[in-house]
Structures are given as structure tokens and as C-alpha cells.
1. Determine the calculated [θ] at 222 nm for the chain from helices alone, applying -39500 (n - 2.57) to every DSSP H run no shorter than 4 residues and normalising by the residue count; nearest 500 deg cm²/dmol.
2. Along the charge dipole of segment 7-117, Cβ charges K/R +1 and D/E -1, which of 88, 102, 38 sits furthest on the positive end?
3. From the phi angles alone, apply the Karplus equation (6.51, -1.76, 1.60; θ = phi - 60°) to segment 23-30 and give each ³J(HN,Hα) in whole Hz, x where the residue is Gly or Pro.
4. Can you list which of the trypsin sites (Lys or Arg not before Pro) found in segment 66-107 are DSSP loop residues with at most 16 other C-beta atoms within 10 Å?
5. Going by how many other Cβ atoms sit within 10 Å of their own, how do 64, 1 line up, fewest first?
6. Determine ³J(HN,Hα), in whole Hz, for all residues of segment 3-16 in sequence, where each value follows from phi through the Karplus function 6.51 cos²θ - 1.76 cosθ + 1.60 and θ = phi - 60°; x replaces Gly and Pro.
7. Residues with amide H under 5 Å of residue 113's amide H, sequence separation 5 or more or different chain, H placed in the peptide plane at 1.01 Å from N; which?
8. Go ahead and run the numbers for FRET between residue 107 and residue 82, Cβ-Cβ distance against an R0 of 30 Å, rounding to 0.05.
Amino acid sequence: MLAQGGGAIVNTASVAGLRGLRRASAYVAAKHGVVGLTKTAALEYARVGLRINAVCPGFIETGMTRSFLDRPGVLDRVSHVEPVGRIGQPREIAEAVVWLCSDAASFVTGLALPVDGGLTAR
């Protein structure tokens, strides 16, 4: 990327990289690390045209979350916690990544972008 004059990298963190979560200390520490690495690398490579950002998904309906969501009453409880009243979809994360990689985000670097239905706004 440096040889071609830059580009865009988007790391995947989590809302756990922006706040604490009970009973998830190792996961939270790892995701805070991703956010810290993103911010530091963005500073180190900005002058050479490399933009580095991260997406921080909230609760997203994926294969990983499906077995949890299929338990009785869980989907309703999780949806109630989300300010928008529902869980996110993978395409919503993908659309944020596409934007961060696009020329429309050419002045954005070092951002940890929550895509979480307002969860971190609380």
C-alpha cells in the first residue's frame, strides 16, 4: 500500500473496544487494543496517504450470535437494550466499511466508528 501511495485499512473492533462489558475482560481488552492500534497506526501513516480506521459493531445478527439469539426471549431482550429497538445486520457493517474505504471518507483517519444502533450513545 505504501508503494502505491496509500490506501485505506479498516480494522474490526467492537463496541467492547469503546466501553466495558461485564464478564468479558479478555474480549474487551483485545478490542480496546484494536482501537488503540488503529489510532496509533493512523497517526504514523497519515502523511504517506494511508488511512486507517476501525468499525465497532454493536450486537449484529451473524452465525456467531444465532445460537444465542435462538434461545427463548433473548432476541426481545437484546432488541430492547438497543436504542433503535433491533439488532444490526451484517450489511450495515459492510456499508460502513465500504464508506470508510471510499473517497467520500478521504479526510477520515484514526476513527473508531460505532455501528451500534446508538448503544454507545448511552
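Just so you know, all these numbers are worked out from the coordinates, no wet-lab data involved. Just so it is clear, the structure is predicted and the values come from calculations on it, not from any experiment. For neighbour counting, all protein chains shown are included, and Cβ atoms are generated from backbone atoms with ideal geometry for every residue, glycine included.
1. On the way: 4 runs with 48 residues, N = 122.
-12000 deg cm²/dmol, from helical runs alone.
2. 38
3. Karplus-based 3J(HN,Hα) across segment 23-30 equals 6, 9, 4, 5, 4, 4, 4, 5 Hz.
4. Working: sites: 66, 77, 86, 91; in loops: 86.
Taking segment 66-107 and a limit of 16 other Cβ atoms within 10 Å, the loop trypsin sites (Lys or Arg not before Pro) found are 86.
5. On the way: 64 8, 1 12.
Listing 64, 1 from fewest to most nearby Cβ atoms yields 64, 1.
6. Once θ is set to phi - 60°, the couplings for segment 3-16 become 5, 8, x, x, x, 9, 10, 10, 7, 9, 10, 5, 4, 5 Hz.
7. Here the answer is 54, 55, 56, since their amide H atoms fall under 5 Å of that of residue 113.
8. Working: r = 30 Å, r/R0 = 0.99.
E(calc), rounded to 0.05, equals 0.50.
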